[in-house]
Amino acid sequence: MSRLWLFLHLLGFVMWMGGGIATMFAGIAAKSEDRAGLGAVARAQAAVQRIVIGPGALLTVLSGLMLTFARGGMAGGSVWLMVMQGAGLVGALLTLFVAVPTASRLARLDPTGSEAAYFDELRNRQKVVGMVWGVLALLALVAGVMAR
């Protein structure tokens, strides 16, 4: 059963990070778009956040909890294991409670109309939160490798 949880853990992590990298490159490519095109990019990024990144982060955390409980909790865990769990949990919480709702809100706004300033504010928030959870997820990945 532990192998199944480990598979789901890795699958969720790949979904989470892969979707994050995809939205990052879409955001970089959107720099050459005009204001009207930014709305379409924001809607596509929101879809990736809702369909791939959010479920991936949730699957990673849930399967990680199951792996932790299957191995007797935190007793006897290494420092690297605790770093992986802490960074992954904080990164996933940022993803689920800040990044995904912000992306959904951003997708509903018109980047050219009266909501342009709010659109830019949410877009900047999305960039910062995406960078933070991306760094935390990479830290969790490195710590997970070091824990093995």
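How many residues are surrounded by fewer than 16 Cβ atoms within 10 Å (Cβ to Cβ) and either under 16 Å from the mean Cα position of the chain (by Cα) or modelled with pLDDT of 90 or more (or both) if we restrict to the range 1-11? Don't jump to the end; show me each part of the working.
Taking the range 1-11 first, the residues surrounded by fewer than 16 Cβ atoms within 10 Å (Cβ to Cβ) are 1-4, 6-7, 10-11.
Going one step further and asking which of them are either under 16 Å from the mean Cα position of the chain (by Cα) or modelled with pLDDT of 90 or more (or both), we end up with 3-4, 6-7, 10-11.
Of the residues in the range 1-11, 6 are surrounded by fewer than 16 Cβ atoms within 10 Å (Cβ to Cβ) and either under 16 Å from the mean Cα position of the chain (by Cα) or modelled with pLDDT of 90 or more (or both).
Looking only at the range 12-27, count every residue that is surrounded by 17 or more Cβ atoms within 10 Å (Cβ to Cβ) and not hydroxyl-bearing (Ser, Thr, Tyr) and tell me the total. Spell out the reasoning first.
Of the range 12-27, the ones surrounded by 17 or more Cβ atoms within 10 Å (Cβ to Cβ) are 12-13, 15-17, 19-20, 23, 27.
Pick out the ones that are also not hydroxyl-bearing (Ser, Thr, Tyr) and you get 12-13, 15-17, 19-20, 27.
Adding up the residues that qualify gives 8.
List every residue pair whose Cβ atoms sit under 7 Å apart, with the two residues 6 or more apart in sequence or on different chains, where the first one lies in the range 95-118 and is closer than 17 Å to Gly19 by Cβ and the second, anywhere, is buried (at least 19 other Cβ atoms within 10 Å of the Cβ) and modelled with pLDDT under 90.
Short answer, once both residue conditions are applied: none.
Collect the residues in the range 97-121 that are in a helix (DSSP H, G or I) and buried (at least 18 other Cβ atoms within 10 Å of the Cβ), keeping them in residue-number order. It would help to see each step written out before you state the result.
First, pick out the residues of the range 97-121 that are in a helix (DSSP H, G or I): 97-107, 116-121.
Hits for the range 97-121 are Ala99, Val100, Thr102, Ala103, Leu106, Ala107, Phe119.
Of Leu38, Leu67, Leu141, which residue is at pLDDT below 95 and over 19 Å from Trp5 (Cβ atoms)?
Details: Leu67 fails: over 19 Å from Trp5 (Cβ atoms); Leu141 fails: over 19 Å from Trp5 (Cβ atoms).
On inspection, the qualifying residue turns out to be Leu38.
Output the residue which, of all residues in the range 122-148 that are exposed (fewer than 14 other Cβ atoms within 10 Å of the Cβ) and charged (D, E, K, R), is farthest from Ala46 (Cα to Cα).
Step by step, filter the range 122-148, then rank; the result is Arg148.
The values are calculated or read from the model by the stated rules, or taken from the named source; none is laboratory data. As the structure is a computational prediction, the values presented were derived from the model and not from experiment. Because the Cβ atoms are built from the backbone with ideal geometry, glycine has one as well, and the counts that use them run over all protein chains shown.
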